[in-house]
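Chemist: Before I ask anything, here is the structure I am working with.
The values are calculated or read from the model by the stated rules, or taken from the named source; none is laboratory data. This structure is a prediction, so every number in the text was calculated from the model and none was measured. Because the Cβ atoms are built from the backbone with ideal geometry, glycine has one as well, and the counts that use them run over all protein chains shown.
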Amino acid sequence: MTTPSPATISTADQSAGQLHQGMFGTYRITAADRREVMAYRISLLALAVAQLGCLVQWAWAGATWIGPWLVVMAVALGLALHWIHIYLRPLHQALRLLWLLGVGGGVALAYQAGPAHMGNTLLAQPLWIMAVGPYFAALTGLGFKEFFCFRRLEAVGVTLLVPLLLMLALLGVVPLGMEGPFWFLEAALLLVLAAGKFRLDPAADVGDK
């Protein structure tokens with residue numbers, strides 16, 4: 001994805017009816033493009049809020065019954081990956097496949113442990129991270145896309161922290177239950193990233209059509 005020049009990226013929606021110069025010629029941002037961008041941004045914000053809510057409940061009330069938060073996270077990331085503008089089709093499909101595999105792993109975890117004990121089972125049996133890991137790989141890919149296109153520092157944090165924390169927990173180097181502060185940091189960075197996108201013109205997320 002190639003973003004428009006900085007002159008076309010502003011705090012207001014100035015893209016309607018304007019021509020933008022891309023690598024392969026000029027293109028126009030349509031009303032459908034703007035709706036897709038808004039849907040993507042809302043989905044990303046919902047994902048960030050749900051992840052933060054999940055962590056707050058985990059820290060204050062324990063890991064029991066975090067399942068509803070996980071459902072919201074799964075749906076929000078799925079919608080974000082549906083609406084995201086990635087024109088390399090194999091990459092886009094790979095992220096969707098990772099999301100689907102991760103959701104399937106989450107369903108298996110819920111079936112095995114029960115919806116009320118998904119978090120506790122992850123804490124007690126870190127190997128389950130391998131089942132839900134593809135979901136977080138998709139999230140990492142989304143973070144990398146945001147960094148690649150916009151050079152957002154918070155996207156670097158999401159891209160690096162998610163796989164690092166999961167790998168450390170899976171290998172037993174740092175137990176998942178001890179990684180809370182770092183997951184809060186990652187969730188806060190994701191929230192900053194999601195909220196900041198509403199300041200950009202839709203053309204920024206559409207990129208070079």
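Chemist: Name the residues in the range 49-68 that are in a helix (DSSP H, G or I) and surrounded by 16 or more Cβ atoms within 10 Å (Cβ to Cβ), would you?
Modeler: Within the range 49-68, V49, A50, Q51, L52, G53, C54, L55, Q57, W58, G67 qualify.
Chemist: Another question, if that's okay. Name, by its number, the condition in (1) closer than 30 Å to A203 by Cα; (2) in a helix (DSSP H, G or I); (3) at pLDDT below 95 that does not hold for L123.
Modeler: It is condition (1) that L123 fails.
Okay, residues lined up against (1) surrounded by fewer than 18 Cβ atoms within 10 Å (Cβ to Cβ); (2) farther than 17 Å from G180 by Cα:
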position: L45; (1), (2): no, yes
position: L70; (1), (2): no, no
position: L81; (1), (2): no, yes
position: I86; (1), (2): no, yes
position: H92; (1), (2): yes, yes
position: L95; (1), (2): no, yes
position: L109; (1), (2): no, yes
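Chemist: Here's a follow-up. Does any residue in the range 187-198 that is surrounded by 20 or more Cβ atoms within 10 Å (Cβ to Cβ) come within less than 6 Å, Cβ to Cβ, of a residue that is acidic (D, E) six or more places away or on a different chain, and which pairs are these?
Modeler: Note: pairs meeting the criteria are L189/E154; L193/E154.
Chemist: Also, quick follow-up: Of the conditions (1) touching a residue at least 24 places away in the same chain (Cβ under 8 Å); (2) surrounded by fewer than 19 Cβ atoms within 10 Å (Cβ to Cβ), L161 satisfies every one except a single condition; which number is it?
Modeler: Against the list (1) touching a residue at least 24 places away in the same chain (Cβ under 8 Å); (2) surrounded by fewer than 19 Cβ atoms within 10 Å (Cβ to Cβ), L161 comes up short only on (2).
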